[in-house]
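Only one structure is covered here, and it is reproduced in the block below.
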Amino acid sequence: MAKSTQLIDNEVFRAYATYAGIVLIKMMLMSLITAYFRITRKAFVNPEDTESFGKGENAKKYLRTDPDVERVRRGHLNDLENIVPFVGIGLLYALSGPELSTALLHFRIFTGARILHTFAYLIPLPQPGRGLSWAVGYSVTFSMAYKVLKTAWLL
């Protein structure tokens, strides 16, 4: 079994850790962006969140949905659906012994695609920009999964 000091000396693992960290931080920022939109649009889903705007019926008008808040939430949900698999599959991929240049290509393309996807969701950019950025990121994750299965196939 590899020791953690051996892992951190592995360039592929360090590249994985760097890019996984970037996309995880980006995903965490989506929570803050959602909160910002909720506060600025005064659109909340929990009654206790409206208390600073008044009590009773006055506060109830802030229990609503807002298209901008929902758009940010959908972008965040898409991050959860794509970044979490990347983190898991990417770890297995990094441990499967790929060439550094190939691993960097996978990690950089995925990271760039997710950042572009976020901008395409938030601005919003016209389609097919958002769809293509999603497809590119998804394809990268699938490519890494294929390499992992090809390397570790024991059936």
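Observations
- For the stretch 25-94, fraction of C-alpha pairs farther apart than 22 Å, in %: 37
- Between the stretch 123-155 and the stretch 37-104, the Cα center-to-center distance that results, in Å: 21
- DSSP-assigned coil residues among trypsin sites (Lys or Arg not before Pro) in the stretch 2-103, each with at most 10 further Cβ atoms within 10 Å: LYS3, LYS55
- When the chain is treated as a GNM with alpha-carbon contacts under 10 Å, the residue of PHE86, PHE53, PHE142 showing the greatest mean-square fluctuation is PHE53.
- Considering only SER52, ILE115, SER101, the residue lying farthest towards the positive end of the dipole of the stretch 42-126 is SER52, judged by Cα position with unit charges set on Cβ.
- The modelled label-to-label distance for the pair LEU132/SER96, using points 7 Å beyond Cα in the direction of Cβ, is 2.7 nm.
- Note that the stretch 40-55 has calculated 3J(HN,Hα) couplings of 6, 9, 6, 10, 10, 10, 10, x, 5, 6, 9, 4, 6, 9, x, 10 Hz, one per residue in order, obtained from phi through the Karplus relation 6.51 cos²θ - 1.76 cosθ + 1.60 (θ = phi - 60°); glycine and proline are x.
- Contour minus Cα-Cα distance for LEU63 and ILE8 (0.36 nm per residue): 15.0 nm
- Length gained when the stretch ALA152-LEU80 is fully extended (0.36 nm per residue, less Cα-Cα span): 23.3 nm
- Cα-based helix-to-principal-axis angle, 67-95 vs the chain, degrees rounded to 10: 20
- In straight-distance terms, cross-link reach from LYS42 covers every one of the lysines whose alpha-carbon lies under 22 Å from its own, apart from those fewer than eight places away in the same chain; here that gives LYS55, LYS60, LYS61.
- Averaged over its residues, the chain has an accessible area of 62 Å² per residue, based on protein heavy atoms and a 1.4 Å probe.
- Positive end of the dipole of the chain (Cβ unit charges, origin at the Cα centre): among MET144, THR65, THR34, the Cα lying farthest that way belongs to THR65.
- Label point distance in nm, LEU125-LEU105, each placed 7 Å from Cα along Cα→Cβ: 2.2
- Here the stretch 1-128 exposes an accessible surface that is 64 percent carbon and sulfur, computed with a 1.4 Å probe and the other protein chains kept in place.
- For the chain, the longest principal axis of the alpha carbon atoms and the long axis of helix 129-152 meet at an angle near 40°.
- Computed from Cα atoms, the angle from the helix 100-122 axis to the main principal axis of the chain rounds to 10 degrees.
The values are calculated or read from the model by the stated rules, or taken from the named source; none is laboratory data. Here the structure is a predicted model, which is why all the values come from computation and not from measurement. Note: ideal-geometry Cβ built from the backbone for every residue, glycine included; neighbour counts use all protein chains shown. These area figures cover heavy atoms from the full protein model, side chains too; ligands, DNA and RNA do not enter into them. Shrake-Rupley method; radii C 1.70, N 1.55, O 1.52, S 1.80 Å.
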